[in-house]
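The values are calculated or read from the model by the stated rules, or taken from the named source; none is laboratory data. Keep in mind the model is a prediction, meaning the values are calculated, not measured. Backbone-built Cβ (ideal geometry, glycine too); neighbour counts: all protein chains shown. Calculation scope for accessible area: heavy atoms of the full protein, side chains included, ligands and nucleic acids excluded. Shrake-Rupley method; radii C 1.70, N 1.55, O 1.52, S 1.80 Å.
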Amino acid sequence: MQEFFDKLCKLEKLEIEKNKINSNEELITLLLKRVPTKNVKVLVNILKQSLIPSISQDENEELEELFSSIEKNEKLIFEKDIQEKIEQFIAQRFEKDKKVIIEKTSDISKLVVIMEEFLNEAISSSGNGSKNVLNIKEKLKSIDINNANLNTLSKIQEELINAATSIEEEMNSVSSKLQSGKTKVQELEDKIKNLEDELNKTKNESMRDHLTGLLTRKTFYDELKRIDSSFTRIGTQYAIIFFDIDHFKKINDTFGHEGGDVVLSTFGKILNKSIRDLDIVGRYGGEEFIAIVHFKETKELLLFLKRIKSIVTENSFVYKDKQLKVTFSAGVTIRNSYKNYDEAITKADKLLYEAKNSGRNKIILENGMEF
């Protein structure tokens, strides 16, 4: 019994001491509180994605190494030193994104400063030239042409020529500077446009799972709320489908995580190319996927499901010139059979596990149909 106690984690040992657990029944109750391994795997995956900077493109080898070790031994997620490292990565993520935003937006400030500089110079130069001309104009008014001699008129002519030359030089200088400023403004406009494109790209990437290109779980639920609102208002019918790749752990054990990633990515592409614009599909977590498929008649939904099953089971997935045979299980519910979409999702999830527990490579609908 002592050997068994030694294998428990620190928190469980403290719980035993605190509550003075000394019977098998009490010990079993304590062990039932443990988080299921599958849930830990999903948690690790979500946590990893949340730590990757959403704007900064810097790669963090230390972060990859940490989660690579956690994926090999998921119990590490409960170790204090690992949790402290994760807290450090969270702080680093915010700092990196903050730094990139500051650098990008500084270009906008430069644009404002340059525009102010050139406008001030243009106004200043124009003012000097006007002042010179005004002085000459006053001199001309004060001259009595009838009594003026040639020498006086020659001086006025010389001042006019000098003023005109000065104005010409000033305007050429302003024109040159404005042209140079125009080039710099164009460069800054291009940078701002690139910044907007990068921010839009970052926004889109944060909505997509990095491996499969499908919607993330959060974005999927955001889109589902919009779709369900349409269902409530005008009765737009849809089905909820849970997919799960069969024996995925065996694929990972046989071909490594890289091989497993190829299977996930390929399966995601099959789902994404099979849906229509009004449908959505997302990666729910691990090897689980979820889709919303609209239909008018049940036969449309059945054709969709059979097409996916046919594509996956009648073809081989390719990894490093090796052909992998892959199957999947699925659970399907129809939205109008339930009070809300949460109940429909829960039922679809139960049908999925029923399909897996009854032999896998099977799709089960809420009406009991299987294929």
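Restricting region 320-338 to residues that are buried (at least 19 other Cβ atoms within 10 Å of the Cβ) and not aliphatic (A, V, I, L, M), which is nearest to ILE290 (Cα to Cα)? Filtering region 320-338 for residues that are buried (at least 19 other Cβ atoms within 10 Å of the Cβ) and not aliphatic (A, V, I, L, M), the one nearest to ILE290 (Cα to Cα) comes out as GLY331.
Restricting attention to region 1-26, the residues being within 20 Å of LYS75 (Cα to Cα) and either out of contact with any helix residue (DSSP H, G or I) (no Cβ under 8 Å at 6 or more places or on another chain) or open to solvent by 100 Å² or more (accessible area, probe 1.4 Å) (or both) number 7. Filtering region 226-262 to residues that are aromatic (Phe, Trp, Tyr), under 27 Å from GLN323 (Cβ atoms) and open to solvent by 30 Å² or more (accessible area, probe 1.4 Å) leaves only PHE255. Close Cβ contacts (under 9 Å, 6 or more residues apart or on different chains) running from residues in region 350-366 that are under 17 Å from LYS249 (Cβ atoms) to residues that are assigned to a loop (DSSP other than H, G, I, E, B) and β-branched (Val, Ile, Thr) comprise ARG360/THR327; ASN361/THR327.
Within region 303-319, the residues that satisfy the criterion of being open to solvent by 90 Å² or more (accessible area, probe 1.4 Å) and not aliphatic (A, V, I, L, M) are LYS306, ARG307, GLU314.
The residue that is nearest to ILE241 (Cα to Cα), among those in region 263-277 that are open to solvent by 10 Å² or more (accessible area, probe 1.4 Å) and under 21 Å from the mean Cα position of the chain (by Cα), is ASN272. Of all residues in region 78-97, those that are touching a residue at least 24 places away in the same chain (Cβ under 8 Å) and either open to solvent by less than 60 Å² (accessible area, probe 1.4 Å) or within 19 Å of the chain's Cα centre (by Cα) (or both) total 7. ILE364 meets the conditions (1) surrounded by fewer than 19 Cβ atoms within 10 Å (Cβ to Cβ); (2) at pLDDT 95 or above in every case but one. The failed one is (1).
Determine which member of the set THR219, THR165 is loosely packed, with under 15 Cβ neighbours inside 10 Å and either of a type in the set (Val, Ile, Thr) or at pLDDT below 75 (or both). After applying the criteria, what remains is THR165.
Look at region 7-24: where a residue is without any contact (Cβ under 8 Å) to a residue 40 or more places away in the chain and a partner is part of a loop (DSSP other than H, G, I, E, B) and open to solvent by 100 Å² or more (accessible area, probe 1.4 Å), sitting 6+ places away or on another chain with Cβ atoms under 9 Å, you get GLU12/LYS33; GLU12/ARG34; GLU15/LYS33; ILE16/ASN22.
Would it be correct to say that GLU121 is at negative phi, of a type in the set (Asp, Glu), outside any helix (DSSP H, G or I) and modelled with pLDDT under 75? Criteria not met by GLU121.
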